[in-house]
Amino acid sequence: MSADKRPLSQIRGPIRTEGEADALRAAWEAASREEPDTLTHGFHPWPARMHPAIARVILERSGAEALIDPFCGAGTTLIEARVRGARSLGVDLSPLAIRLARVKASVPSRASRAAFLEAAHAVAAASEARVRGRVPMTVALPPPIRARWDMHVLKELGGLREELRALDAPDALREALLLAFSSILTKVGRQRSETEEEIAPRRVRKGLATEIFLRKAVELERRWGELAAAARGPAPELVEGDARRLPELARGRRAPLILTSPPYGGTYDYAAHHAHRMAWLELDDRALRRGELGARRHASAPDARARWDRDVVAMLRAMAAVLEPSGAIVLVMGDASLGGEPVPVPAQLARLAPQAGLAVRGVASQARHGGRDEHLVRLHLAAR
Ligand SMILES: C[S@@+](CC[C@H](N)C(=O)[O-])C[C@H]1O[C@@H](n2cnc3c(N)ncnc32)[C@H](O)[C@@H]1O
């Protein structure tokens, strides 16, 4: 598996714990033993995707029948909640995340899956015919985005996109095919990796993009079949919005468990990492560009550390406001890197949690490459 696709948490190493950390330790241990790409989990790249074993173990150990994930990304916790039979609410500021979580946590009927496969084959056949017939194609993307593919690949992707646009199909089916298309964009491009936007030459033969698109659609259909056999709970509710506005977005609902992986300060830049996908899928990412928390693009600003502290307090306050009085918050977070300096998560959360009426009850940490650690942190309402 490429480094991009591997969740950070799959790296093995000693686990250090403090406080109430049995479940947290068990979650790290399961993550280091288990395959991360089961069910629909590995269908589409997502930087810092949570290892599904973490979500499963925390859900099992908490016994919670509902969870809220305010940074749901590609939907790991929501899929695991569905398998366990728990209700879930997922929030993310990225329109791509919300679409991906919806598709990955859905359980289409056998007939819908067959229709999906049929449509994927039809789109691929039409795209192949375009490539063979050298059908002229102009692609309307901003120049810096166009530069991420060789011209012949750009035209082939443009053809696939046109065929997807012309498809007469239910919205859910079209959305899933668009995400199969989205999943291949970096693989056939010159962008160095999912988290590095620099251009690095890559030879991609004619027809390969269409082949990989079809392969991904076939893979999704198979993964849906596996999820259908395992799922016991309802589809998640999904809301596109800023996690700092969680109480308003949750519209009065509270949960006994908030299980989430907020951005790792100064480490990723979801707006930049997915800019090519937003352009192809015509998604409006202006709110993400404005409101993304912890983005690497702000990591060297003079006030980066103060800003990250402010944002962490705001996200903790929002989570505290939707937590049931006897509930728990479990965060998966990596140490921040701001102004070239690490900001260790346990000390930061111990210092800031009281400002949100919360207290840290347990921590389990594991070392990661680059000298920073990744942590599972359990918080409760301080008054409890
Ligand atoms: C570490 S990822 C979550 C990964 C997720 N647990 C998974 O398994 O795919 C962090 C997420 O936070 C989202 N995000 C960043 N700023 C946000 C904000 N202000 N409100 C809500 N989501 C935000 C990003 O779009 C990204 O999906």
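The table below lists the values:
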quantity: Selection from segment 35-92 of residues that are among the hydrophobic types (A, V, I, L, M, F, W, C) and either assigned to a helix (DSSP H, G or I) or assigned by TED's automatic domain parsing to the domain that holds Leu185 (or both); calculated: Ala53, Ile54, Ala55, Val57, Ile58, Leu59, Leu78, Ile79, Ala81, Val83
quantity: Helices (runs of 4 or more DSSP H) within segment 256-307 that include 2 or more residues closer than 30 Å to Leu24 by Cα; calculated: 270-273
quantity: Count of residues meeting criterion [surrounded by fewer than 20 Cβ atoms within 10 Å (Cβ to Cβ), among the aliphatic types (A, V, I, L, M) and free of Cβ contacts under 8 Å to residues at least 60 places away in the same chain] in segment 318-351; calculated: 2
quantity: Residue that is farthest from the ligand (Cβ to nearest atom) [pool: residues in segment 272-292 that are without any contact (Cβ under 8 Å) to a residue 60 or more places away in the chain and under 11 Å from Leu93 (Cβ atoms)]; calculated: Arg286
quantity: Check on Arg307, free of Cβ contacts under 8 Å to residues at least 24 places away in the same chain and in contact with a His (Cβ under 7 Å, 6 or more places away or on another chain); calculated: yes
quantity: Residue in segment 35-48 that is small (Gly, Ala, Ser), more than 16 Å from the ligand (Cβ to nearest atom) and buried (at least 18 other Cβ atoms within 10 Å of the Cβ) present; calculated: no
quantity: Test: residue in segment 88-103 that is away from the ligand (no atom under 16 Å from the Cβ) and crowded, with 18+ Cβ neighbours inside 10 Å; calculated: no
quantity: Residue among Ala81, Ala64 that is farther than 25 Å from Lys216 by Cα and over 10 Å from the mean Cα position of the chain (by Cα); calculated: Ala64
quantity: Residue count, segment 126-148 (criterion: part of a loop (DSSP other than H, G, I, E, B), in contact with an Asp or Glu (Cβ under 9 Å, 6 or more places away or on another chain) and without any contact (Cβ under 8 Å) to a residue 60 or more places away in the chain); calculated: 1
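Every residue, every condition in (1) touching a strand residue (DSSP E or B) at 6+ places or on another chain (Cβ under 9 Å); (2) acidic (Asp, Glu), yes or no:
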site: Thr186; (1), (2): yes, no
site: Glu196; (1), (2): no, yes
site: Pro201; (1), (2): no, no
site: Lys216; (1), (2): no, no
site: Glu219; (1), (2): no, yes
site: Pro247; (1), (2): no, no
site: Thr260; (1), (2): yes, no
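Okay, residues lined up against (1) touching a Pro at 6+ places or on another chain (Cβ under 6 Å); (2) outside any helix (DSSP H, G or I); (3) of a type in the set (Gly, Ala, Ser):
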| position | (1), (2), (3) |
| --- | --- |
| Leu164 | no, no, no |
| Ala172 | no, no, yes |
| Glu175 | no, no, no |
| Arg192 | no, yes, no |
| Glu197 | no, yes, no |
| Lys206 | no, yes, no |
| Ile212 | no, no, no |
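The values are calculated or read from the model by the stated rules, or taken from the named source; none is laboratory data. Bear in mind that the values here come from a model prediction, so they are computed numbers and not experimental data. When we count neighbours, we look across all protein chains shown, and the Cβ atoms used for this are built from the backbone with ideal geometry, even at glycine.
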